[in-house]
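Each remark here refers to the structure printed beneath this line.
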Amino acid sequence: MAKPHADRIYLDHAATTPLSESVREAMLPWLSGGFGNPSSLHADGRRAKDAIDSARETLSRALGSLFAEALFTSGGTEAANLAILGTALQNRESSRRRILLGAAEHHCVLNTAPTLSALGFQVDLIPVDRQARVDSQWLKENLDDQVLLVSVMHANNEFGTLNDIRLFADLAHSEGALLHTDAVQTFLAPGLKWKVQDLDADLVTVSAHKINGPKGTGAIYMRAGVKVKPLIAGGGQEREVRGGTENVMGIVGFGAAVAEHLTETTPDANPRDHLRERALSVGALLSVDSDTPMLRGHLHVRFPGIDAETLLIVLDRLGVSASSGAACSSGSIEPSHVMLAAGYSQDEAKQGVRFSLGRKATVAEAEDAADRLAEALTQIGTAKRKSR
């Protein structure tokens, strides 16, 4: 067996991204001298409040929102929960008792279903196609004046495929329903330029650690006039929508990450394409057609007869960090709920592997990763032959 590589290649940016050096530097002062509570009236408190306001201004500029429409949370999961459960709680007495969720959404959306049911709402899952794109025709046929909220992710976190959020917003609004979109994967993503006006969603959720910012910080865009019930009761922070003393350091880091991304340009060459072609040459089956709109850095493939768990372990030994995009349970990888929703079998859903390249990925890095992928497949094939 080949020796482990000393130089690792990180291809799991869809899960999280490394903290940018400029973001780290922006955060450091708030670890020591900047300890004031933003709600305090003295100079230390005002300084912290000004830092939050500056970050909010940067975030709202990136979103294209009003200053007051951008609210900070502890991350994308809390933001999505606030959007969905907060809307349900706000409208408990409404005659609208249905909430529609995309069948391949992130767990932070899908796992609100039991609570929604306990609150008396009917939760229906919107089917997706073979490429994990939400079925707009199903939505057209099943929308009615009983629907309170529709939640459709902007890009699928496993496959990387994009949904036409403006279309879903138009459909939801035509029946008087609200639309939430989980935009964690697409916010400031390379090659994508959108503002909330382009999406026309009522609620949009984003996260800092997907754009080289810190973990533990996210945000929700709430269109002016949209109301949600707070999930965290406290002192009225974040315009009385999200209680609790603000994470000043994290918010400052989020603002710095947004500012850095706003000044970047996207190169013409896409290293992902090199990895895709090399993967195809060693037997990969693509989950997404090459001409389907998708995130620039995503590549989701499967190798028939090889479980993702096995491949990921060998790749890890060879210095490549990748993901199945599926949850781990009792030490083994469960079938991907995204692939199951997209119509794959149980066995096929255990084979999916996601490579997600960073914004600074190079062709050389992609080629090196492809070499290690080929080596991993050779090792697995050799091990299988020996076990017979």
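Some points to look at:
- Using every pair of separate Cα atoms, the Kirkwood estimate puts the hydrodynamic radius of region 94-138 at 11.2 angstrom.
- Its Cα gyration tensor gives region 217-346 an equivalent ellipsoid; the semi-axes, largest first and in whole Å, are 38, 22, 17.
- Considering only Ser60, Ser207, Ile220, and ranking their Cα positions along the charge dipole of the chain that arises from unit charges at the beta-carbon of Lys, Arg, Asp and Glu, the one farthest toward the positive end is Ser207.
- Ranked from largest, the principal axis spans of the Cα set of the chain equal 69, 54, 41 Å.
- Cα-Cα pairs of region 37-194 separated by more than 22 Å (percent): 48 percent
- In terms of distances greater than 23 angstrom between alpha carbons, the cross-link table entries Lys195/Lys227; Lys49/Lys195; Lys193/Lys350; Lys210/Lys350; Lys140/Lys195; Lys210/Lys360 yield Lys49/Lys195; Lys193/Lys350; Lys210/Lys350; Lys140/Lys195.
- Comparing Glu78, Glu21, Glu365 in a Gaussian network model of the chain, where Cα atoms under 10 Å apart are tied by springs, the biggest mean-square fluctuation is seen for Glu21.
- Size descriptor, Kirkwood hydrodynamic radius, that averages inverse alpha-carbon separations across region 208-275, Å: 14.7 Å
- Modelled this way, with points 7 Å down the Cα-to-C-beta line, the labels at Ser39 and Val363 are 5.5 nm from one another.
- Per-residue ellipticity at 222 nm from helix content only, as computed over the chain with -39500 (n - 2.57) for each DSSP H run of at least four residues, stands at -11000 deg cm²/dmol.
- Cα gyration tensor, region 272-388 - rounded (a/c under 1.5), prolate or oblate: oblate
- The fewest-to-most ranking of Thr382, Thr265, Thr362, Thr58 by surrounding Cβ atoms within 10 Å reads Thr265, Thr382, Thr362, Thr58.
- Shown for Tyr221, Tyr344: other C-beta atoms within 10 Å of each C-beta, ranked fewest to most, produce the order Tyr344, Tyr221.
- Computed over region 21-262: relative contact order in percent, which uses C-alpha pairs under 8 Å that are six or more apart: 27 percent
- Exposure proxy shown here: for Ser95, Ser60, the number of other Cβ atoms within 10 Å sets the order, fewest to most, as Ser95, Ser60.
- Panel values: region 151-232, Kirkwood radius from alpha carbon pairs, Stokes-Einstein at 20 °C and 1.002 mPa s, translational diffusion coefficient 160 µm²/s.
- For region 1-121, the Kirkwood radius over C-alpha pairs fed into Stokes-Einstein at 10 °C and 1.306 mPa s yields D = 85 µm² per second.
- All C-alpha to C-alpha distances of region 34-85, sorted into 10 Å bins beginning at zero, yield P(r) values of 24, 39, 33, 4 percent in whole numbers.
- Multiplying each eigenvalue of the alpha-carbon gyration tensor of region 158-290 by 5 and taking the square root yields semi-axes of 32, 21, 13 Å, largest first, rounded to whole angstroms.
Laboratory data are not the source of any read-out in this text; all were calculated from the coordinates shown. This structure is a prediction, so every number in the text was calculated from the model and none was measured. Positions of Cβ are generated from backbone atoms using ideal geometry, with glycine treated the same way; all protein chains shown enter the neighbour counts.
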